[in-house]
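Take a look at the structure below.
Computed from the coordinates by the stated procedures, all read-outs in this text should not be read as laboratory data. This structure is a prediction, so every number in the text was calculated from the model and none was measured. Heads up, the Cβs are rebuilt from the backbone with ideal geometry, glycines too, and the neighbour counts pull from every protein chain shown.
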Amino acid sequence: MKRRVVSVLAIVAALGAAIVGIAPPASAAAGACAIAGVIDVSPGWDGMESTGFYGFEQVALACVGATGNPLPPPAGAGTMTGIGNVTSNGAFGVDNCGGFRLPPTGSFCGTYDATNFTAGGECHGTVGGHQLGSAFGGDWSLITGPLLLGGITCNSGSYAGGWGAIALVVVPVPTALDGQVLGTDLPPGECARPSRRLPTPDGVWFCQLSVAGVIVMQSVI
C-alpha cells in the first residue's frame, strides 16, 4: 500500500506541474487538496472494468494554497484553504462514461460539490470523464490497477473556470464484501452483482471502496 500511495503522489506531482505550467504565473493561482474517505458503489465493484454507479458516503478534503483571489474579503472571498466536505455522484465504466475498451482499464465520470472550508469558499464541477479524453480540459479519466486518474473542473466560487487533475488509490472495504459461491449468498455486503461481459454464477465483489489521493487545481484570475 505504501508503494501505491507513493506512486499516486508522483503521478499527481507530474500532472500538477504540467497543469500549472500552462498558464503564465501572473495570471493563475494553483492549489492542492488531499482527499480521503469511503464511497458506495452499485452494482458491486469487482475490478477495473466494472460498470455501475458511485456516491460519496464519507469523504473529506484538506486544501492548501487554493486561493482564487489573494485580496482580502469580500474581493478575495472564496479561498478553499482549510478542511472541507465533498459530495459526489456519478458512474464508472466505459458504457457509462465513454471511451474505448482497453482491458484491463476502465473509466469514471460524475459531478461534485465541495463546501464548508475553514476559510470559506466552495467549488462545484465535474470529475473524471471520457476515457483518455481531453487531458487539458478536465474531461478525461483512466482506471488502471488500484489507481483512478482523471480531470476535474470548478464552475463556481473563486475557482470558476479552473481545472486540474485528481488521482486516487482505491482499496475495497473488506467488511462490505458481497458475492455468491456455489449458490450461496456471501455476507455481509448487500449490493447488486456486477454485470460481467462473461457472466459466471460465482464470484465476489465489494459494495464500498476506500479512496485516498490528491487533487491539483489551477484557477485563472
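Multiplying the residue separation of ALA192 and VAL38 by 0.36 nm and subtracting their alpha-carbon distance yields 53.6 nm.
The residues GLU122, GLU190, when put in order of fewest to most other Cβ atoms within 10 Å, stand as GLU190, GLU122. The ranking of THR126, THR175 from fewest to most other beta carbons within 10 Å of each one's beta carbon is THR175, THR126.
Length available on full extension from GLN58 to ARG101: 0.36 nm per residue minus the Cα-Cα distance, which gives 12.4 nm. First measure r as the distance between the Cβ atoms of THR144 and VAL181, then evaluate 1/(1 + (r/R0)^6) with R0 = 41 Å and state the FRET efficiency to the nearest 0.05. The pair THR144/VAL181 has a calculated efficiency of 0.90.
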